[in-house]
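Encoded as structure tokens, the structure appears first; notes follow it.
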Amino acid sequence: DAGITQSPRHKVTETGTPVTLRCHQTENHRYMYWYRQDPGHGLRLIHYSYGVKDTDKGEVSDGYSVSRSKTEDFLLTLESATSSQTSVYFCAISAISGTSGGEQFFGPGTRLTVL
Amino acid sequence: GENVEQHPSTLSVQEGDSAVIKCTYSDSASNYFPWYKQELGKRPQLIIDIRSNVGEKKDQRIAVTLNKTAKHFSLHITETQPEDSAVYFCAARETRAQKLVFGQGTRLTINP
């Protein structure tokens with residue numbers, strides 16, 4: 001499972017509350033990603049990071065922010081949760097080294113429900 | 001940016017038959033094409049990938065082919081088994097950033 005954990009694994013919250021999801025890796029990989037998965041939409045990239053303090057937006061970044069102050073942790077924050085952000089959130093890492101790699105491995109996911 | 005289209009969205013085959021899932025991509029500079037399998041309630045798992053310098057890759061009952069000229073790639077599963085039932089996703093990697101763009105997924109059902 002590439003040493004990736006996510007917390008919490010399940011969360012129910014109310015509209016308008018802030019929510020932070022955590023992704024933790026143990027393999028010291030440079031690239032980390034946050035996706036959301038919704039029926040009919042597959043996996044859509046929210047934000048990604050290519051190093052400590054280096055982040056960029058994905059295709060569905062509105063309403064989300066991220067932070068990466070340490071190599072091993074990548075945080076996703078919903079500043080004010082909305083019902084449209086009810087989804088399953090997956091963190092992923094990319095193992096890049098030399099001429100091989102680039103494979104992306106996913107964490108176990110966080111199921112978020114916004115009431 | 002890259003755009004990936006995947007077909008069909010659902011596929012049902014008899015156990016023992018072959019299954020083929022097809023994807024097209026838009027960015028000719030994309031150079032890496034992985035396939036993921038996702039079982040119900042689980043994370044996507046990488047099952048096979050192919051890079052743009054080869055045309056075909058096999059791993060036991062699964063194979064992937066890549067046609068760079070036509071910008072499409074396919075997943076082939078032979079001698080299908082009930083445990084092959086899952087949702088399969090293709091993806092293409094943008095070269096200017098280490099980002100994958102995913103297809104919409106194919107729900108594969110293997111009928112006994």
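The values are calculated or read from the model by the stated rules, or taken from the named source; none is laboratory data. Keep in mind that this is a model prediction, so the values were computed, not measured. With ideal geometry, Cβ positions are generated from the backbone for all residues, glycine too; neighbour counts draw on all protein chains shown.
Listed here are the residues, each with its yes/no results for (1) at pLDDT 95 or above; (2) hydroxyl-bearing (Ser, Thr, Tyr).
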residue: B:Ala29; (1), (2): no, no
residue: B:Trp35; (1), (2): yes, no
residue: B:Glu39; (1), (2): yes, no
residue: B:Gln45; (1), (2): yes, no
residue: B:Ser52; (1), (2): no, yes
residue: B:Glu83; (1), (2): yes, no
residue: B:Val87; (1), (2): yes, no
residue: B:Lys99; (1), (2): no, no
residue: B:Ile110; (1), (2): yes, no
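Out of B:Ala63, B:Ala91, which single residue is part of a strand (DSSP E or B), without any contact (Cβ under 8 Å) to a residue 24 or more places away in the chain, aliphatic (A, V, I, L, M) and crowded, with 16+ Cβ neighbours inside 10 Å? Steps first, please.
Values: B:Ala91 fails: without any contact (Cβ under 8 Å) to a residue 24 or more places away in the chain.
None of the other options fit; the residue is B:Ala63.
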Query - B:Asp49 being within 14 Å of chain A (Cβ to nearest Cβ) and more than 27 Å from A:Leu45 (Cα to Cα) - result: no
Query raised in the report: Here are some residues: B:Gly1, B:Gly16. Which one is touching a strand residue (DSSP E or B) at 6+ places or on another chain (Cβ under 7 Å), in contact (Cβ under 8 Å) with a residue 60 or more places away in the chain and either over 23 Å from A:Phe90 (Cα atoms) or surrounded by fewer than 19 Cβ atoms within 10 Å (Cβ to Cβ) (or both)?
Result: B:Gly1
Query raised in the report: Among the residues of segment B:79-86, is any away from chain A (no Cβ under 13 Å), buried (at least 19 other Cβ atoms within 10 Å of the Cβ), β-branched (Val, Ile, Thr) and within 10 Å of the chain's Cα centre (by Cα)?
Result: no
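One line per residue, one yes/no per condition, for (1) assigned to a loop (DSSP other than H, G, I, E, B); (2) in contact with a helix residue (DSSP H, G or I) (Cβ under 9 Å, 6 or more places away or on another chain); (3) more than 17 Å from A:Pro108 (Cβ to Cβ):
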| position | (1), (2), (3) |
| --- | --- |
| A:Arg22 | no, no, no |
| A:Gln37 | no, no, no |
| A:Gly40 | yes, no, yes |
| A:Arg44 | no, no, yes |
**Report entry** Count - residues of segment A:85-111 that are assigned to a strand (DSSP E or B), facing chain B (nearest Cβ under 10 Å) and at pLDDT 95 or above
**Finding:** 6
Query raised in the report: Would you call B:Ser30 within 15 Å of B:Ala91 (Cα to Cα), away from chain A (no Cβ under 11 Å) and in contact with a strand residue (DSSP E or B) (Cβ under 7 Å, 6 or more places away or on another chain)?
Result: yes
Query raised in the report: Which members of segment B:88-105 meet the condition of being within 16 Å of the chain's Cα centre (by Cα) and either within 10 Å of chain A (Cβ to nearest Cβ) or more than 14 Å from B:Pro34 (Cα to Cα) (or both)?
Result: B:Phe89, B:Cys90, B:Ala91, B:Arg93, B:Leu100, B:Val101, B:Phe102, B:Gly103, B:Gln104, B:Gly105
Query raised in the report: What is the number of the single condition among (1) more than 10 Å from every other protein chain (Cβ to nearest Cβ); (2) surrounded by 17 or more Cβ atoms within 10 Å (Cβ to Cβ); (3) closer than 26 Å to A:Trp34 by Cβ that B:Leu40 does not meet?
Result: (2)
